[in-house]
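Below is one structure, written out as structure tokens; comments come after it.
The values are calculated or read from the model by the stated rules, or taken from the named source; none is laboratory data. Being a predicted model, the structure only gives us computed values, none of them experimental. Note that we place each Cβ from the backbone using ideal geometry, even for glycine, and neighbour counts take in every protein chain shown.
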Amino acid sequence: MKHLILGTLLGATLAIPASAQSAGDASVGEADFRKCKACHMIETPDGEQIVRGGRTGPNLWGIVGRKIGSYEGFKYGAGIKELAEMKPDMVWTEEDLIGYVTNPTAWLEEQTGDSGARSKMTFRLTSNQADMAAYLASVSPDAAE
């Protein structure tokens, strides 16, 4: 009987689309954002501070749905600039953010096909990447539903 129940549960889990399995929890991501706020803030265009943070990295308000490397006034590194030139219509998605925060340089190398592409962001998020992406989507009014 145990094997039947376990098999049924496993089959049900495998039937769930990958996107649903990796769907993040925005509340967990919000709590984890403390790791990011040394370098990033989240501030609305009208100046409302969602999360007070540093200015080493770009403001992350509206990151999901924003064109890669396009936050006005931020000095992006060569790797992101290269990607933005190669794919001028590419916008940040939750999936891309998961890859980027896991390993920024490896993600840029994969996206550009350039083994020399580097990211200025040296921090790697080692857990809860989908949760962080879900949180950033929650503070991105242009994010696709």
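Scan the stretch 118-130 and tell me whether some residue there is among the β-branched types (V, I, T) and under 17 Å from D25 (Cα atoms).
yes
I need the full set of residues from the stretch 65-82 which are more than 21 Å from A38 (Cβ to Cβ) and of a type in the set (A, V, I, L, M, F, W, C), in order please.
I68, A78 - these are the residues of the stretch 65-82 that are more than 21 Å from A38 (Cβ to Cβ) and of a type in the set (A, V, I, L, M, F, W, C).
Among residues belonging to the stretch 134-145 that are among the hydrophobic types (A, V, I, L, M, F, W, C) and farther than 11 Å from S27 by Cα, point out the one that is nearest to the chain's Cα centre (by Cα).
So the residue we want is A137.
State whether the residues of the stretch 78-95 include one that is in contact with an Asp or Glu (Cβ under 6 Å, 6 or more places away or on another chain) and of a type outside the set (D, E, K, R).
Taking every residue of the stretch 78-95 in turn, none turns out to be in contact with an Asp or Glu (Cβ under 6 Å, 6 or more places away or on another chain) and of a type outside the set (D, E, K, R).
Under the condition of being in contact (Cβ under 8 Å) with a residue 40 or more places away in the chain and in a loop (DSSP other than H, G, I, E, B), which residue from the stretch 49-74 is surrounded by the most Cβ atoms within 10 Å (Cβ to Cβ)?
So the residue we want is L60.
Checking E85 against (1) surrounded by fewer than 16 Cβ atoms within 10 Å (Cβ to Cβ); (2) within 18 Å of the chain's Cα centre (by Cα), which single condition isn't satisfied?
(2)
Just to be sure before I move on: is I98 among the aliphatic types (A, V, I, L, M) and part of a loop (DSSP other than H, G, I, E, B) in the structure I sent?
no
If you go through the stretch 115-130 one residue at a time, do you hit one that is more than 16 Å from the chain's Cα centre (by Cα), among the hydroxyl-bearing types (S, T, Y) and surrounded by 14 or more Cβ atoms within 10 Å (Cβ to Cβ)?
no
Residues in the stretch 103-145 that are over 21 Å from G77 (Cα atoms), part of a loop (DSSP other than H, G, I, E, B), in contact (Cβ under 8 Å) with a residue 40 or more places away in the chain and of a type outside the set (S, T, Y): how many?
Here the count works out to 6.
The rows are residues; the columns are (1) among the β-branched types (V, I, T); (2) at pLDDT below 95; (3) more than 20 Å from L108 (Cα to Cα).
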{"position": "I42", "(1), (2), (3)": "yes, no, yes"}
{"position": "Q49", "(1), (2), (3)": "no, no, yes"}
{"position": "R52", "(1), (2), (3)": "no, no, yes"}
{"position": "L60", "(1), (2), (3)": "no, no, no"}
{"position": "F74", "(1), (2), (3)": "no, no, no"}
